[in-house]
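Notes follow once the structure below has been shown.
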Amino acid sequence: AQTVTQSQPEMSVQEAETVTLSCTYDTSESNYYLFWYKQPPSRQMILVIRQEAYKQQNATENRFSVNFQKAAKSFSLKISDSQLGDTAMYFCAFMNPPHFGAGTRLTVKP
Amino acid sequence: DTGVSQNPRHKITKRGQNVTFRCDPISEHNRLYWYRQTLGQGPEFLTYFQNEAQLEKSRLLSDRFSAERPKGSFSTLEIQRTEQGDSAMYLCASSRRDPSFTGELFFGEGSRLTVL
């Protein structure tokens with residue numbers, strides 16, 4: 001069975017600072033996709049960033065980057081230069097079909 | 001295309017009643033997923049379709065839940081004999097399945113169910 005664990009229920013960060021959200025997963029597959037999704041308050045879920053397991057290079061999307069450690073089954077999300085609009089629930093997800101972690105509630109403080 | 005559409009957005013029902021939710025995916029997407037999300041939790045996988053075929057169903061899914069996608073386009077999720085524990089947000093998502101598949105899901109805004 002595939003499991004996704006997010007051990008930080010809540011986090012906060014000052015605007016313009018950097019924050020890292022943690023995620024670990026368990027799978028017996030060798031090739032797969034990992035994702036971070038963002039769910040702003042009362043709004044729909046949107047994709048933040050994706051990582052393909054066979055790619056060693058960590059994915060980057062503007063202020064968002066991941067630290068993918070395949071052997072450790074770890075997939076953390078780093079948000080640089082945090083903005084107020086980054087306040088949301090963040091979910092780590094594993095393909096396929098997509099299974100989600102319990103989420104981390106991130107608050108960016110002015 | 002306006003994205004994934006879900007109806008109704010809110011449903012209040014009495015315990016024991018049946019409810020049905022509808023999801024219209026993005027038109028060129030052949031995969032469709034249903035999730036349940038309770039407050040402060042992550043989406044819990046229920047089932048998914050590729051075209052009209054139901055490929056996987058969660059073992060946690062009660063027999064009271066059934067989903068269909070008869071023509072490979074829209075899908076319905078029916079809950080029979082609702083219980084208070086069924087109160088949740090029901091999310092639908094769709095994706096492509098082709099050689100360029102990257103796994104990204106596109107979510108609807110969800111259908112919130114309240115069972116009294």
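The values are calculated or read from the model by the stated rules, or taken from the named source; none is laboratory data. All values derive from a computational prediction rather than experimental measurement. FYI the Cβ positions are ideal-geometry reconstructions off the backbone, even for glycines, and counts take in every protein chain you see. In case anyone asks, the SASA skips ligands and DNA or RNA and just uses the protein heavy atoms, side chains included. Shrake-Rupley method; radii C 1.70, N 1.55, O 1.52, S 1.80 Å.
Observations on the model:
- Farthest toward the positive end of the dipole of the range B:56-116, out of B:Pro70, B:Val115, B:Ala88, is the Cα of B:Pro70, where the dipole comes from beta carbon charges about the Cα centre.
- Spin-label model distance (nm) - A:Thr27 vs B:Gln80, 7 Å beyond Cα toward Cβ: 3.5 nm
- Of all accessible heavy-atom area on chain A, the percent that carbon and sulfur account for (1.4 Å): 44 percent
- A cut-off of 5 Å between modelled amide H atoms, ignoring neighbours fewer than 5 places along the same chain, links B:Asn51 with B:Arg31, B:Leu32.
- Here chain B is treated as an ellipsoid with the same Cα gyration tensor; its semi-axes, largest first and in whole Å, are 24, 14, 13.
- Its residue count N sets the reference 2.2 N^0.38 Å, and the alpha-carbon radius of gyration of the protein assembly as shown equals 1.02 times that reference.
- About its Cα centre, the range B:46-116 has a charge dipole of approximately 60 debye under the convention of +1 per Lys or Arg Cβ and -1 per Asp or Glu Cβ, with nothing else charged.
- The range A:1-55: radius of gyration over Cα atoms, expressed as a fraction of 2.2 N^0.38 Å: 1.36
- Å² of accessible area per residue within the range B:28-116, as computed with a 1.4 Å probe and no ligands counted: 47 Å²
- Peptides ranked, highest mean first, by Cβ atoms within 10 Å: ranges B:8-20, B:36-48: B:36-48, B:8-20
- From the alpha carbon centroid of the range A:1-68 to that of the range B:39-116 is 22 Å.
- With protein chains left intact and a 1.4 Å probe, residues in chain A average 50 Å² of accessible area per residue.
- Each residue of the range B:58-116 gets 113 Å³ once the volume of the Cα convex hull is shared out per residue.
- Taking both sides together, the accessible area buried where B meets A is about 1600 Å² for a 1.4 Å probe.
- Straight-distance crosslink candidates among lysines, where the alpha carbon sits under 22 Å from B:Lys71 and sequence neighbours closer than 8 are dropped: B:Lys57
- Computed on the Cα trace of the range A:15-110, the radius of gyration divided by the Kirkwood hydrodynamic radius gives Rg/Rh = 0.96.
- Dividing the mean sequence gap of close Cα pairs (under 8 Å, 6+ apart) by how many residues chain B holds gives a relative contact order of 37 percent.
- Theoretical gain in end-to-end length, B:Arg96 to B:Asn7 [0.36 nm per residue, Cα-Cα removed]: 29.9 nm
- Using the Cβ-Cβ distance between A:Thr20 and B:Thr38 with R0 = 30 Å, the FRET efficiency computed as 1/(1 + (r/R0)^6) comes to roughly 0.70.
- Interface residues of the range A:73-110, defined as those losing at least 50 Å² of solvent-accessible heavy-atom surface relative to the isolated chain (probe radius 1.4 Å), are listed as A:Pro97, A:Pro98, A:Phe100.
- Net charge dipole size for the range B:5-90 [Lys, Arg +1 and Asp, Glu -1 on Cβ; Debye, nearest 20]: 260 debye
- Take each residue of peptide B:91-97, count the partner chain Cβ atoms within 10 Å of its Cβ, and average: the result is 2.
- Distance in nm between pseudo-label sites at A:Glu10 and B:Leu61 (7 Å out along the Cβ direction from Cα): 3.4 nm
- Taking a straight line from the alpha carbon of A:Lys109, these lysines sit under 27 Å away, with near neighbours fewer than eight places off in the same chain left out: A:Lys38, A:Lys78.
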